[in-house]
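Below: one structure, written as structure tokens.
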Amino acid sequence: MDYTTAKKYLNEIGQEQLLEYYGELTGEERELLLKDIESADFSVLKNIGRVSEPRGRIEPLKPLSLEEIRKNSDIFERAGLKLLSEGKVAAVLLAGGQGTRLGFDKPKGMYNIGVTRPLPIFGLHMRNMLGVAGRAGRAFPVFIMTSRANNDDTVGFFEENNYFGYPKNKIFFFVQDVAPACSTDGKVYLEKKYRVLTAPNGNGGWYKSLISCGLDRVLEREGVEWVNVCGVDNVLQSFCDPLFIGATVAGGYDCSAKIVRKELPGENVGLLCKVDGKPSVIEYYEMDEALKNERENGKLVYCNGITLNYLFSLKALKEVDCANFPYHLAKKKIAHIENGVEVHPSEPCGYKFETLVVDMVNAMKNCLPFEVERNKEFAPVKNAEGADSVETARALLKENGFEL
Ligand code: UTP
């Protein structure tokens, strides 16, 4: 795209500010900027001000309780280990996020959660996976989603650490797609005077990005039928849990989600329930007070708190139109160029556009909420301090016998 075409195009879509510094740029910088403008997906901007469709009829979705799981644990465990030993399960680790709330400038998985010794989050996850692979007698493929910004650091870190002892030929990195980010009035930011600012386009893009990187061929080659999709920031994340896999398969489900039981109505957690008869994750702000407080035998009726650990049947995923998931607006602090200099806002100032893995669950015919013990499996590291922080995660690791 040449300058005249870019200027005309940007004028038409109200984004002419992207050429503000064009006159100051070197030839090479101009080329980079024009390439960025050509490749940016400005269509995401139409999501600003989009009124989300009203949710339908919300109903509870009964979870498979800890008690029921315990009763059938032998059957579930055997079924799960069988699938793992046959090579039919793979893990997907979502590690493309920017971790802005934590304020750590490297990939979150590189964060050292240890106190007296190095204990990076990636190391904890790989140790957990090695344990399961050992029990199954076979290492499962692990697909790690990174972003443009953190891919080199992530891959380098795995190499430096000798893949944490996991077979290197079973680990596959792929880089997720990006979307431009903008101010709250819809003007796309510049990251540098000659670069359009883009950000990872959310964790819901994993399947589309995995395919566009050609890794669906690996899924085929390995004969994978189930994928366990997990977030990087839960340091007690349990990957490819045979019990979880076994329960999902034994129940004839296409999809399942590890959930922790919500105890207090005011807790801000997404909830797995049914909307118009289909599985759906409802955000806490989408629920009215009556639903939040509804109880049966003293327990909250809407209680399936999601933990970002899902199991999907690959066959069912193939039937879903993953290319057309809605974009959600995430209001964030976004460093950008303003009046010719880089600014680092202390408050959220603009929007990133993200697709969410929960929309994949919403697209499934069914989903089993599988209860896990909160203190054993849920220790998210989201914030620098307070709730869901390094401090709370360390306390939970200690409670579970980890030496920090
Ligand atoms: P979060 O929604 O907590 O986002 O990600 P984040 O970017 O890590 O952190 P903040 O909001 O900026 O503080 C939940 C999970 O989804 C992954 C993250 O790496 C984490 O495992 N994720 C998120 C992606 O893989 N890609 C994305 O674009 C966003």
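Numbers for the structure displayed
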{"item": "Qualifying residue in the stretch 252-266 (condition: crowded, with 18+ Cβ neighbours inside 10 Å, of a type in the set (S, T, N, Q) and away from the ligand (no atom under 16 Å from the Cβ))", "result": "yes"}
{"item": "Test: residue in the stretch 23-38 that is aliphatic (A, V, I, L, M), in a helix (DSSP H, G or I) and closer than 21 Å to K352 by Cβ", "result": "yes"}
{"item": "Residue within the stretch 215-226 that is closer than 22 Å to T355 by Cβ, surrounded by fewer than 18 Cβ atoms within 10 Å (Cβ to Cβ) and touching an Asp or Glu at 6+ places or on another chain (Cβ under 9 Å) present", "result": "no"}
{"item": "Residue among F104, F174 that is under 30 Å from I48 (Cβ atoms), hydrophobic (A, V, I, L, M, F, W, C) and free of Cβ contacts under 8 Å to residues at least 12 places away in the same chain", "result": "F104"}
{"item": "Pick from the stretch 138-161, criterion within 10 Å of the ligand (Cβ to nearest atom) and assigned to a strand (DSSP E or B), ranking: nearest to K208 (Cα to Cα)", "result": "M145"}
{"item": "Considering residues of the stretch 370-388 that are among the small types (G, A, S) and in contact (Cβ under 8 Å) with a residue 60 or more places away in the chain only, the residue nearest to the ligand (Cβ to nearest atom)", "result": "A384"}
{"item": "Pick from the stretch 329-346, criterion of a type in the set (G, A, S) and within 13 Å of the ligand (Cβ to nearest atom), ranking: modelled with the highest pLDDT", "result": "A335"}
{"item": "Only listed residue being within 16 Å of the ligand (Cβ to nearest atom), of a type in the set (A, V, I, L, M, F, W, C) and more than 20 Å from the chain's Cα centre (by Cα), chosen from C349, C322, C303", "result": "C349"}
{"item": "Any chance E86 is within 28 Å of A250 (Cβ to Cβ) and of a type in the set (D, E)", "result": "yes"}
{"item": "Count of the stretch 43-66 residues which are touching an Asp or Glu at 6+ places or on another chain (Cβ under 9 Å) and part of a helix (DSSP H, G or I)", "result": "1"}
{"item": "Wholly enclosed strands (runs of 3 or more DSSP E) of the stretch 255-342 bearing at least 3 residues more than 20 Å from R374 (Cα to Cα), touching a residue at least 40 places away in the same chain (Cβ under 8 Å) and not β-branched (V, I, T)", "result": "278-282, 328-332"}
{"item": "Filtered residue count, the stretch 96-130, keeping only those that are under 22 Å from V155 (Cα atoms), in a loop (DSSP other than H, G, I, E, B), within 15 Å of the ligand (Cβ to nearest atom) and not aromatic (F, W, Y)", "result": "11"}
{"item": "Matching option when the condition is among the β-branched types (V, I, T) and under 29 Å from F325 (Cβ atoms), among I58, I75, I69", "result": "I58"}
{"item": "Residues within the stretch 50-68 that are of a type in the set (V, I, T) and surrounded by 10 or more Cβ atoms within 10 Å (Cβ to Cβ), tallied", "result": "1"}
{"item": "L93 vs. criteria within 16 Å of the ligand (Cβ to nearest atom), closer than 25 Å to K332 by Cβ and in contact with a Cys (Cβ under 7 Å, 6 or more places away or on another chain)", "result": "yes"}
{"item": "Residue that is farthest from the ligand (Cβ to nearest atom) [pool: residues in the stretch 186-209 that are out of contact with any Leu (no Cβ under 8 Å at 6 or more places or on another chain) and either of a type in the set (F, W, Y) or modelled with pLDDT under 95 (or both)]", "result": "K208"}
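The values are calculated or read from the model by the stated rules, or taken from the named source; none is laboratory data. Predicted, not measured: the structure shown is a model, and the values here were computed from it. When we count neighbours, we look across all protein chains shown, and the Cβ atoms used for this are built from the backbone with ideal geometry, even at glycine.
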